[in-house]
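**Student:** I'd like to ask you about the structure that follows.
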Amino acid sequence: MTRSQLQAPFGDEPCEDVPLSVAPLVRVLAQLRFDPLAVLDSPNSASLFAAEIGKDYPYLEKGAEFNMLITPGQVSPQMGQNAVWRFRSPDRKTVVSLSNGSLALETSVYGGRTEFCSALSSISAALKKVAYVPAYTRIGYRYTNRVVDQKALANLPSLIRPEILGISGVQLDGRADLQHSLAQASFKIDASRGLLAQWGEMPPGGTFDPSLSSFEQRSWVLDLDSFYQSSEVSSDPEEVRRRAEMLSESAYRFFRWAVTDDFLLHFGGEL
């Protein structure tokens, strides 16, 4: 095992970032959850929030919130009843979503941990100017990777650790074709922190999450949701940034354990 591969998905082993010039990262999402607030039931709340962030996220659309119902053995996306306001950046590739219960930042053009966590801290500061948020109940940081490159898909056993690859690494010798395979693992790191991992093969046009657009060809996905959950998580913007960075590092460490050096090199990493 080379110096860049990790021995375990969790632990204290050093894990330096390896930037990927053609990363298969299709989405990064951070979400702050809180108990519903009376002030956010006001029809003016979205306008007040827009006044705080409108320079960076000028486009507005209104919709309904997707909720993720997590039960033993499965994660079920469900359409919620809460209204959600989505504020989009000028290039429409980064979205801030606000509902009476959550604030989220999502992007398809990830500029790195420092930049993203700073933006998350900024929108949490903007929310505090509009509404007093006593505490958050959950902070989540989610990476969604989707491999669609046909050469990479043909060489998954050399790119993905066998413990993760699973059935996708079995030679079927032309007697059958694997149509769909999705595995899930939930980890408790300590009393407040955890990680939910999902990975596997998707058929053409398939997706494991309705909030993520499908792809017209076969793909392999690795989705990592690192979270901190407690009855009272500080709503201080600087504390939000610090915890988000910690969660990002935890998810990235799992990613680095799950993939091989060949994966990093294939997607433009320098080792």
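Rule-based calculations on the coordinates, nothing more; no lab input. If you're wondering where the values come from, they're calculated on a predicted model, not measured in any experiment. Because the Cβ atoms are built from the backbone with ideal geometry, glycine has one as well, and the counts that use them run over all protein chains shown.
**Student:** Hey, what did the chain get for relative contact order, percent, Cα under 8 Å, at least 6 apart?
**Tutor:** Once divided by the residue count of the chain, the mean separation gives 26 percent.
**Student:** Around Ser214, under 15 Å between beta carbons, what's the net of Lys plus Arg minus Asp minus Glu among the other residues?
**Tutor:** -1
**Student:** Apply the Karplus curve 6.51 cos²θ - 1.76 cosθ + 1.60, θ = phi - 60°, to the phi angles in region 241-250 and return the couplings in whole Hz, x for Gly and Pro.
**Tutor:** Computed from phi, the couplings for region 241-250 are 4, 5, 5, 5, 4, 4, 5, 4, 4, 5 Hz.
**Student:** At 0.36 nm per residue, minus the direct Cα-Cα distance, what do Phe187 and Ser158 gain on full extension? Give it in nm, one decimal, please.
**Tutor:** Taking Phe187 through Ser158 to full extension adds about 7.9 nm, to one decimal.
**Student:** A further question follows. When the chain is fully extended, how far beyond the present Cα-Cα distance does Glu216 get from Ser230, taking 0.36 nm per residue of separation?
**Tutor:** 1.1 nm
**Student:** For a paramagnetic label modelled at 7 Å from the Cα of Glu115 toward its Cβ, which residues of region 244-261 fall within the zone defined by backbone nitrogen distances under 13 Å?
**Tutor:** Correct set: none at all.
**Student:** Could you grab the relative contact order for region 78-187? Cα pairs under 8 Å, six or more apart, rounded to a whole percent.
**Tutor:** 10 percent
**Student:** Apply the Karplus parameterisation 6.51 cos²θ - 1.76 cosθ + 1.60, with θ equal to phi minus 60°, to every residue of region 140-148 and state each ³J(HN,Hα) to the nearest whole Hz, in sequence, with x for glycine and proline.
**Tutor:** Coupling constants for region 140-148: x, 9, 10, 10, 10, 9, 9, 8, 10 Hz.
**Student:** Enumerate the amide H contacts of Gly206 below 5 Å, restricted to partners 5 or more residues apart or on another chain; note that Pro and chain-start residues carry no placed amide H.
**Tutor:** Phe215
**Student:** Continuing with the same structure: To the nearest 20 debye, what is the magnitude of the charge dipole of the chain about its Cα centre, counting +1 on the Cβ of each Lys and Arg and -1 on the Cβ of each Asp and Glu?
**Tutor:** 400 debye
**Student:** Shifting gears a bit: Return the ratio Rg/(2.2 N^0.38 Å) for region 159-271, where Rg is computed over Cα atoms only.
**Tutor:** Region 159-271 yields a ratio of 1.28.
**Student:** To the nearest 20 debye, what charge dipole does region 148-271 have about its Cα centre, counting +1 at the Cβ of each Lys and Arg and -1 at the Cβ of each Asp and Glu?
**Tutor:** Charge dipole of region 148-271: 220 debye, to the nearest 20.
**Student:** For a quick check: with amide H placed at 1.01 Å from N, whose amide H comes under 5 Å from Arg27's, ignoring anything fewer than 5 positions away on the same chain?
**Tutor:** Thr144
**Student:** Taking amide hydrogens as modeled 1.01 Å from N in the peptide plane, which residues meet the under 5 Å criterion relative to Val259, leaving out close sequence neighbours?
**Tutor:** Amide H neighbours of Val259, under 5 Å, 5+ apart: Arg161.
**Student:** Give me the number: length gained by fully extending Lys129 to Ala8, i.e. 0.36 nm times residue separation minus the C-alpha to C-alpha distance, one decimal in nm.
**Tutor:** That pair, Lys129 and Ala8, stretches by 39.4 nm at full extension.
**Student:** If you don't mind, another one. Which three semi-axes in whole Å describe the equivalent ellipsoid of region 108-167, each the square root of 5 times a Cα gyration tensor eigenvalue, listed largest first?
**Tutor:** Semi-axes, largest first: 38, 14, 8 Å.
**Student:** Which of the peptides 117-128, 6-17 is most tightly packed, and how do the rest follow, going by the mean number of other Cβ atoms within 10 Å of each residue?
**Tutor:** By packing density, highest mean first, the sequence is 117-128, 6-17.
**Student:** Send over the semi-axes of the chain's equivalent ellipsoid, whole angstrom and largest first, taken as the square roots of 5 times the C-alpha gyration tensor eigenvalues.
**Tutor:** 34, 20, 18
**Student:** Which listed residue (Ala125, Gly11, Ser192) has the Cα farthest towards the positive end of the charge dipole for the chain, taking +1 on Lys and Arg C-beta and -1 on Asp and Glu C-beta about the Cα centre?
**Tutor:** Farthest towards the positive end: Ala125.
**Student:** In nm, to one decimal, how far is the Ala38 label point from the Leu178 one, both placed 7 Å along Cα→Cβ?
**Tutor:** Here the answer is 5.5 nm between the modelled labels.
**Student:** Could I have the simple spin-label model distance between Glu238 and Leu48, label points 7 Å from Cα toward Cβ, reported in nm to one decimal?
**Tutor:** According to this spin-label approximation, the distance is 2.5 nm.
**Student:** Ordered by packing density, taken as the mean number of other Cβ atoms within 10 Å over each peptide's residues, highest first, how do 19-26, 30-37, 217-224, 108-115 rank?
**Tutor:** Order by mean packing, descending: 217-224, 30-37, 19-26, 108-115.
**Student:** While we're here: Can you pick out the pairs among Lys93/Lys129; Lys62/Lys128; Lys93/Lys188; Lys93/Lys151; Lys62/Lys188 whose Cα atoms lie more than 23 Å from each other?
**Tutor:** Table pairs above 23 Å Cα-Cα are Lys93/Lys129; Lys93/Lys188; Lys93/Lys151; Lys62/Lys188.
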